[in-house]
Amino acid sequence: MRENKYRNCYCGDINNDYVGRDVKFSGWIENIRDHGGVIFLDIRDEKGTVQVVSNDDSIFEGLTRESTVCLNGVVRKRNEEDYNPRLKSGEVEVVVESIDVLGKARNVLPFEVMTSKESSEEVRLKYRYLDLRNKKVHDNIIFRSEVIKFLRHEMEDLGFTEIQTPILTASSPEGARDFIVPSRLFHGKFYALPQAPQIFKQLLMVSGFDKYFQVAPCFRDEDARADRVYGEFYQLDFEMAFAEEEDVYQVGEQIFKDVFAKFSDKKMSSTPFRRISYREAMLKYGSDKPDLRIPFEIIDLSDIFENSEFKPFRGVTVRGIKVPDLATKSNSWFNEVVDYAKSIGMPGIGYITVQDDMSFKGPIDKFLTDKDKNDLIERASLKAGSVLFFIADKNALQASKQAGQIRLELGRKLDLLDSNHFEFCIINDFPMFEYDSEVGHYIFTHNPFSMPQGGMESLNTKNPENVLAYQYDFVCNGIELVSGAVRNHDIEIMKKAFSIAGYDEETLKDKFKSLYTAFQYGAPPHAGMAIGIDRMLMLLKDETSIRETIAFPMTASGADMLMGSPTEVTEQQLREVHIKVR
């Protein structure tokens, strides 16, 4: 009967309101502290931590950290000098009357749970269940749940219907490498895990659904990066019937505005977000995902050096980056920039500093004519104290990309990447095609299902490299968060677009049979996009790795340290799906 007097509660709920009460609670032993013969335990659950002590230290014998326990005791007020302001329960403690060990932990832990983020990633992922007990890591996963719940409510409020699309589907050439799944029932044939719900959501529009959304898993056999995990990721996928580009922009802007206002107190771009064409982005920022927190823009200087005496700049693409008030930096500072340029494949980087009398100083000053100098002053709006960096390459795209990398490095070195500011933009007007010299024909640069701007006339009359698509990305702080497009719903335009990319009609029928057929039964114009949930969470939580936002991620190499995958399978399993390993 004595057991009934204890009131069940969470560790994190115990506070001054519980003083004098009998309580029963369970959790993990976070710490065991011996203060001169008096032993204290810190007990942790998902709600928080509470300190416990006993009048009989013998009941604590044999306990190990991270064991799970159930305790009965009485809450009492701590002495004021012993308050712990870091805990919600910091003004009280529990005098334990009994303790039951529910699950005993080993004496030696693979790492300290409270500082697990300091351990190697492989060890953390191998013992992920321990790593997830770390409050910061644990809170990231709780945060993820709250954001996804908010997103679902947001989409419902905007009139979207949540619909789940298949995981087992057909392989299709959408740009990334498929994960394929052998079929047991169909000898020699394979399913594929979806790279995205792209085809299914377009079919939903043909099916008469007005607004679809899904928190969708996507599977791509692509190498991992800091902002991309190997294998699988989640996106907020949505599509709208009878919609145009601007309709999707407005929904996307609303979602980001509401989510970032709800889950962050940092400064954010006002809506509507700035629109930047792909061509402008590559010229001014050297990237189709520019970080607009950096105020510098890249300048085209190629024409100034067409007849230059400086041979490395003659007849090539030359880009410049002007940085004001930089002339006082030390030689070692500039040498670091030169070293970085070499690390990304450049032979080095030229630069000039503008003196107080507007004369130039720097490694290439002696090669510049007076006309060159005057042209540079005018083109780059140079002033005393400015530094102008030069990036040159025979390949215009390579010059742009290298200039973009130098721009980012300058932003980092000058501490311009304000972590308290979310700077959004929308990149649009992507080229539809690019020439691939390896395959000997044009290929799609982005999404093959996008509508070309100008429709059939554009495809018939323009050089393919000059055809733009209704494609767009949302970018924040240099990270692509969204990819989307107005879809090509016209079968004739689709046949023409795919023929330019090397697909004949029979291949189109075979590879995209469902869309090819469905679009012949009254397809509405439709448009949509997908928001990368993992990347958005990484930004909101100010994490440097996307894996910190996922409960059970793989390593960057694609290994699952926890489950031990990928693994070999038995000969019987291979026989069942008609496969022999060569």
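The values are calculated or read from the model by the stated rules, or taken from the named source; none is laboratory data. Everything numeric here is computed off the predicted structure, so don't read it as measured data. Don't worry about glycine lacking a Cβ; one is built from the backbone with ideal geometry, like all the others, and counts go over all protein chains shown. These accessible areas exclude ligands, DNA and RNA; they are computed on the full protein's heavy atoms, side chains included. Shrake-Rupley method; radii C 1.70, N 1.55, O 1.52, S 1.80 Å.
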**Message:** Residue under question is Asn79, and the condition is that it be under 30 Å from Gln250 (Cα atoms) and among the polar types (S, T, N, Q); does it hold?
**Reply:** no
**Request:** Residue by residue through region 91-122, note down the ones that are under 30 Å from Val229 (Cα atoms) and either in contact (Cβ under 8 Å) with a residue 12 or more places away in the chain or open to solvent by less than 70 Å² (accessible area, probe 1.4 Å) (or both).
**Result:** Leu109, Pro110, Phe111, Val113, Met114, Thr115, Ser116, Lys117, Ser119, Ser120, Glu121, Glu122
**Prompt:** Counting only residues that are of a type in the set (A, V, I, L, M) and farther than 18 Å from Arg133 by Cα, how many does region 538-553 have?
**Reply:** 4
**strands (runs of 3 or more DSSP E) contained entirely in region 1-71, each with at least 1 residues that are open to solvent by 40 Å² or more (accessible area, probe 1.4 Å)** = 22-35, 38-45
**Item:** Residue check for Phe444: surrounded by 20 or more Cβ atoms within 10 Å (Cβ to Cβ), at pLDDT 95 or above, within 29 Å of the chain's Cα centre (by Cα) and not acidic (Asp, Glu)
**Value:** no
**Request:** With the condition kept exactly as written, say whether any residue in region 456-471 is at pLDDT below 95 and of a type in the set (D, E, K, R).
**Result:** yes
**Item:** Residues that are closer than 26 Å to Glu434 by Cα and of a type in the set (Val, Ile, Thr), drawn from region 157-214
**Value:** Ile199
**Request:** Please specify each residue of region 220-247 satisfying the condition of being open to solvent by less than 20 Å² (accessible area, probe 1.4 Å) and within 21 Å of Phe179 (Cβ to Cβ).
**Result:** Val229, Gly231, Gln235, Asp237
**Request:** Answer yes or no as to whether Asp370 is free of Cβ contacts under 8 Å to residues at least 24 places away in the same chain and either open to solvent by less than 40 Å² (accessible area, probe 1.4 Å) or touching a Phe, Trp or Tyr at 6+ places or on another chain (Cβ under 7 Å) (or both).
**Result:** no
**Asked** Identify, please: which residue in region 447-488 is touching a His at 6+ places or on another chain (Cβ under 9 Å) and among the small types (Gly, Ala, Ser) and is, among those, most open to solvent (accessible area, probe 1.4 Å)?
**Response** Ser483
**Prompt:** Just wondering, is there one or more residues in region 260-272 that are in a helix (DSSP H, G or I), loosely packed, with under 15 Cβ neighbours inside 10 Å and not hydrophobic (A, V, I, L, M, F, W, C)?
**Reply:** yes
**Request:** Enumerate the pairs (first residue in region 343-361 and within 18 Å of Phe313 (Cβ to Cβ); second residue anywhere and part of a helix (DSSP H, G or I) and open to solvent by 70 Å² or more (accessible area, probe 1.4 Å)) with beta-carbon separation below 7 Å, excluding pairs fewer than 6 apart on the same chain, so at least 6 apart or on different chains.
**Result:** Gly348/Lys342
**Message:** Testing Leu515 on (1) in contact (Cβ under 8 Å) with a residue 60 or more places away in the chain; (2) within 23 Å of Gln195 (Cβ to Cβ); (3) over 29 Å from the mean Cα position of the chain (by Cα); (4) open to solvent by 10 Å² or more (accessible area, probe 1.4 Å), one condition comes back false. Which one is that?
**Reply:** (4)
**Message:** I want to confirm something. Restricting to region 275-319 and keeping residues that are basic (Lys, Arg) and closer than 24 Å to Phe433 by Cα, which single residue is least open to solvent (accessible area, probe 1.4 Å)?
**Reply:** Lys284
**Prompt:** Going by the conditions given, is Phe424 of a type in the set (Phe, Trp, Tyr), touching a Phe, Trp or Tyr at 6+ places or on another chain (Cβ under 6 Å), within 21 Å of Glu239 (Cβ to Cβ) and buried (at least 18 other Cβ atoms within 10 Å of the Cβ)?
**Reply:** no
**Message:** Looking only at helices (runs of 4 or more DSSP H) that lie completely in region 501-546, which have at least 2 residues being under 25 Å from Phe433 (Cα atoms)?
**Reply:** 505-511, 513-518
**Request:** Kindly check whether there is at least one residue in region 321-340 that is among the basic types (Lys, Arg) and over 25 Å from Ser308 (Cα atoms).
**Result:** yes
**Message:** Please go through (1) among the aliphatic types (A, V, I, L, M); (2) within 30 Å of Met456 (Cα to Cα); (3) open to solvent by 50 Å² or more (accessible area, probe 1.4 Å) for Val581 and return the number of the only condition it doesn't satisfy.
**Reply:** (2)
